[in-house]
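The structure follows.
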Amino acid sequence: MFWISAVVFAVVVGLLVASIRRGRRDHDPEIDRSEAPWGEPFIAIAGVAVPALILLGVYVFSLSEMNALQAAGSKPAMTVEVSARDWWWEARYPNGAVTANEIHIPIGVPVRLDLTTRDVIHSFWVPRLQVKTDNIPGRHNYMWIQADRAGRYRGFCAEFCGLQHTNMNFWIVAEPQAEFDAWLDDQVADVTEAALALDGAEIFLSSSCAGCHALRGTTAVGLAGPDLTHLAARETLAGVLPNTRSSLEQFIRDPQSVKPGIAMPPAELTADELRAVV
Ligand code: CUA
């Protein structure tokens, strides 16, 4: 299409230059034009027939290319749901992983995108990977992208959608399949550890633990036992046990079995509570 356009452009500019050189030299209002009611044959051919043929050819050509583009993505490795909203992007993966403004894909395979919006019209555009496709309220638009080289590809919202339209940006992160799989596995994991730790903190602070131990920065200010702030950085527990999860659990459950006679009573915690505290 570029070279066809280049040839047409050259011919048109050539004719323009020629006509400027001829100027008004041959202009004669007395010439009788009634013999050519549809205009000069040159105009009819070069101005109507030839452009019509060229445009028709280009039209058919681009239709077949569009089909090829669609077909290339017909066997996608997976489908990612991309939902747009003011003014950010949400991506949902088949395994339940969800991310925002950062869409990871494996390299070398087509990835299908299911484009929707929660509010107004947006447009998903990663210039280095694909043409843009609109996210339209009440519709699912499908497109596919494929990155053959690992890297980060900048994406934009290409449809004015309000105050922060210009900052509605995102990244496509393309990585080798193995790295992508690892990323996807990590993404689907819940925040169990963190949630458990929060539970543990609550139990610690509301139980008798806080009566004897201090955790600086919390309501636990007990002075009878060791200050436990940064306990995890110490090498031993009570000076006799290696500082591991299992020995900490054992010590809290039954301190007397570790150091008979010490002031610390056995914990009145359920197994789950104990695990959370540890
Ligand atoms: Cu979303 Cu512009």
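The values are calculated or read from the model by the stated rules, or taken from the named source; none is laboratory data. Because the structure is a prediction, the values reported are computed rather than measured. Here the Cβ is made from the backbone with ideal geometry for all residues, glycine too, and neighbour counts use every protein chain on show. The protein model used for the area step is the full one, side chains on, heavy atoms only, and it has no ligands, DNA or RNA in it. Shrake-Rupley method; radii C 1.70, N 1.55, O 1.52, S 1.80 Å.
So which pairs qualify, if the first residue must be in the range 135-161 and of a type in the set (S, T, N, Q), the second must be more than 11 Å from the ligand (Cβ to nearest atom) and part of a strand (DSSP E or B), the Cβ gap must be under 7 Å, and the two must be at least 6 apart or on different chains?
Close Cβ pairs satisfying both conditions: N135/L115; N135/T116; N135/N141; N141/L115; N141/T133; Q146/V111.
Can you tell me which residue among I121, I172, I107 is surrounded by 18 or more Cβ atoms within 10 Å (Cβ to Cβ) and either in contact (Cβ under 8 Å) with a residue 24 or more places away in the chain or closer than 30 Å to D190 by Cβ (or both)?
I172
I've got another one for you. Is there a residue in the range 48-70 that is at pLDDT below 85 and within 30 Å of Q187 (Cβ to Cβ)?
The answer is yes; a qualifying residue exists.
I would also like to ask the following. Going through L237, L248, L269 one at a time, which residue ends up being touching a strand residue (DSSP E or B) at 6+ places or on another chain (Cβ under 7 Å) and crowded, with 17+ Cβ neighbours inside 10 Å?
The match here is L248.
Looking at the range 135-160 only, could you name the residues that are at pLDDT 95 or above, touching a Ser or Thr at 6+ places or on another chain (Cβ under 9 Å), closer than 16 Å to E81 by Cβ and surrounded by 18 or more Cβ atoms within 10 Å (Cβ to Cβ)?
Answer for the range 135-160, where residues must be at pLDDT 95 or above, touching a Ser or Thr at 6+ places or on another chain (Cβ under 9 Å), closer than 16 Å to E81 by Cβ and surrounded by 18 or more Cβ atoms within 10 Å (Cβ to Cβ): just N135.
Residues that are within 16 Å of the ligand (Cβ to nearest atom) and not aliphatic (A, V, I, L, M): list the strands (runs of 3 or more DSSP E) wholly contained in the range 40-131 that include at least 2 such residues.
Hits in the range 40-131: 78-85, 88-92, 111-117, 122-125.
Give all pairs with beta carbons closer than 9 Å in which a residue from the range 82-104 that is open to solvent by less than 50 Å² (accessible area, probe 1.4 Å) meets a residue that is of a type in the set (K, R) and part of a strand (DSSP E or B); count only pairs at least 6 apart in sequence or on separate chains.
Partner pairs satisfying both residue conditions: V82/R92; S83/R92; T99/R92.
Scanning the range 184-195 for residues that are open to solvent by 40 Å² or more (accessible area, probe 1.4 Å) and not small (G, A, S), which turns out nearest to the ligand (Cβ to nearest atom)?
Q187
Output the qualifying pairs, or none if there are none: Cβ atoms under 6 angstrom, residues six or more apart or on different chains, first residue in the range 209-237 and within 15 Å of L248 (Cα to Cα), second residue exposed (fewer than 14 other Cβ atoms within 10 Å of the Cβ).
T229/R216
Failed condition for I203, given (1) β-branched (V, I, T); (2) in contact with a helix residue (DSSP H, G or I) (Cβ under 9 Å, 6 or more places away or on another chain); (3) modelled with pLDDT of 95 or more, with all others met?
If we test I203 against (1) β-branched (V, I, T); (2) in contact with a helix residue (DSSP H, G or I) (Cβ under 9 Å, 6 or more places away or on another chain); (3) modelled with pLDDT of 95 or more, just (3) comes out false.
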